[in-house]
Amino acid sequence: MEENPRKNIGVLIGNNDLFTLMDRAAALHGHYCPGLALGVMAATHAMRSLQADSDGLDDLLAIVETNNCFSDGVQFVTGCSFGNNGLVFHDLGKMAFTLAIRNGKAVRIFAIPGSRDYIRSAYTGFSEQYKTVVIDKDHADNEKSAFKHKGLEAARTVLRLDMNKIFKIEKTEPLVPDYPPSHESFICEKCGEETMSTRTVSQQGRTLCLPCAGKPVNTLSGFGISTIKEG
Ligand SMILES: [Zn+2]
Ligand SMILES: [Zn+2]
């Protein structure tokens, strides 16, 4: 094993090899689609413009503005992920993200207004399949298979489009969160599970995790950031 597990990805970014990068990103995303292709395209452009790389130690941050397909392309290419805290989510619903080197430069890359029409006019059939499978939730095998086929076709087409007609890139000075804190863990006195101290509450002299205390929980899901109450 290589000490830098992203060495090959760095080479692909250096070569602007969008097709191989999308192929790798699809292993994370599960399917090919225009959104993934656009995320790969935008992230590769941002990484090249900052000459950045990520070692997953919080010095490179991707601040994404949407939690859809686009952001998986961004996570894979930038190496800023949910698990290494390099990914910051601003729940804005925009196809845009900011790449920031801690204490260094940052760029925001965002879709040019109207570019959606340019993108959609490039491929055929995917939008219809998207409606059937994703919006209308028809997950019949033949519909899902058509979605995957059309998705791959559309994603490849998108990678050949003129990026300058899709995205704009601007220098920016984002608010960057501090290095993530590390917290001690407590044992919840009801369920017995080890819980980060900041996610426990004291109730009638007992230290409890949030669900055991009946407290609401902040949740990131397909609905964005919301609060739910378990049980
Ligand atoms: Zn997708
Ligand atoms: Zn508990």
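In nm, to one decimal, how far is the modelled label at Glu143 from the one at Ser182, with both set 7 Å along Cα→Cβ?
Here the answer is 4.9 nm between the modelled labels.
By average Cβ neighbour count within 10 Å, what is the ranking of 194-207, 83-96 from highest down?
Top of the packing list down: 83-96, 194-207.
Please work out the FRET efficiency for the pair Leu175 and Glu128, using the Cβ-Cβ distance as r and a Förster radius of 45 Å; give the result to the nearest 0.05.
0.65
Heavy atoms only, probe 1.4 angstrom, no DNA, RNA or ligands counted: give me Leu21, Leu50, Leu28 ranked by accessible area, highest first.
If we order Leu21, Leu50, Leu28 from most to least accessible, we get Leu28, Leu50, Leu21.
Given R₀ = 30 Å, FRET efficiency for Asn8-Ile228 by Cβ-Cβ distance, to 0.05?
Plugging the Cβ-Cβ distance into 1/(1 + (r/R0)^6) gives 0.15.
With N set to the residue count of the stretch 43-164, report its C-alpha Rg divided by 2.2 N^0.38 Å to two decimal places.
Compactness ratio reported: 1.18.
Expressed in whole Å with the largest first, what are the equivalent ellipsoid semi-axes of the chain derived from the C-alpha gyration tensor as the square root of 5 times each eigenvalue?
After diagonalising the Cα gyration tensor, the semi-axes are 35, 24, 16 Å.
Could you tell me the calculated FRET efficiency between Ile112 and Asn68, based on Cβ-Cβ distance and R0 = 22 angstrom, to the nearest 0.05?
0.75
Just tell me which lysines come within less than 17 Å, Cα to Cα, of Lys131; anything on the same chain fewer than 8 places away is out.
Hits, sequence-local ones excluded: Lys144, Lys148, Lys150.
For the stretch 3-53, with all protein chains present and a 1.4 Å probe, just round the carbon and sulfur fraction of the accessible area to a whole percent.
Roughly 47 percent, rounded to a whole number.
Run down the lysines and flag those whose C-alpha is under 22 Å from the C-alpha of Lys168, throwing out any fewer than 8 positions away in its chain.
Within the straight-line cut-off, Lys168 pairs with Lys94, Lys105.
Could you tell me which of Ser54, Gly79, Val133 has its Cα farthest along the dipole of the stretch 51-183 towards the positive end, charges placed at Cβ (Lys, Arg +1; Asp, Glu -1), taken about the Cα centre?
Val133
With +1 assigned to the C-beta of every Lys and Arg and -1 to the C-beta of every Asp and Glu, and no other charges, what is the dipole magnitude of the stretch 133-231 about the Cα centre in debye, to the nearest 20?
For this selection, approximately 260 debye.
Work out the length of the dipole vector of the stretch 59-141 about its Cα centre, built from +1 on the beta-carbon of each Lys and Arg and -1 on the beta-carbon of each Asp and Glu, and round it to the nearest 20 debye.
My answer is approximately 400 debye.
Given the DSSP H assignment, sum -39500 (n - 2.57) over each helix run of at least 4 residues in the chain and divide by its residue total; what's the result at 222 nm in deg cm²/dmol, nearest 500?
It comes out at -10000 deg cm²/dmol, rounded to the nearest 500.
How high is the relative contact order of the chain, in percent, with contacts defined as C-alpha pairs under 8 Å that are six or more residues apart?
Across the chain, relative contact order equals 17 percent.
Quote to one decimal, in nm, the extra length available between Glu189 and Asp136 on full extension: 0.36 nm per residue of separation minus the C-alpha distance between them.
14.7 nm
Which value, in debye to the nearest 20, describes the size of the charge dipole of the chain about its Cα centre when Lys and Arg Cβ atoms bear +1, Asp and Glu Cβ atoms bear -1, and nothing else is charged?
Rounded to the nearest 20 debye, it is 580 debye.
Length gain on complete extension for the stretch Asp17 to Leu220, per 0.36 nm per residue less the alpha carbon to alpha carbon distance?
Full-extension gain reported as 69.9 nm.
The values are calculated or read from the model by the stated rules, or taken from the named source; none is laboratory data. Not measured: the values here are computed from a predicted model. Every residue, glycine as well, gets a Cβ built from its backbone with ideal geometry; the counts of neighbours run over all protein chains shown. Note: accessible area is taken over every heavy atom of the protein model, side chains too, but ligands, DNA and RNA are not part of it. Shrake-Rupley method; radii C 1.70, N 1.55, O 1.52, S 1.80 Å.
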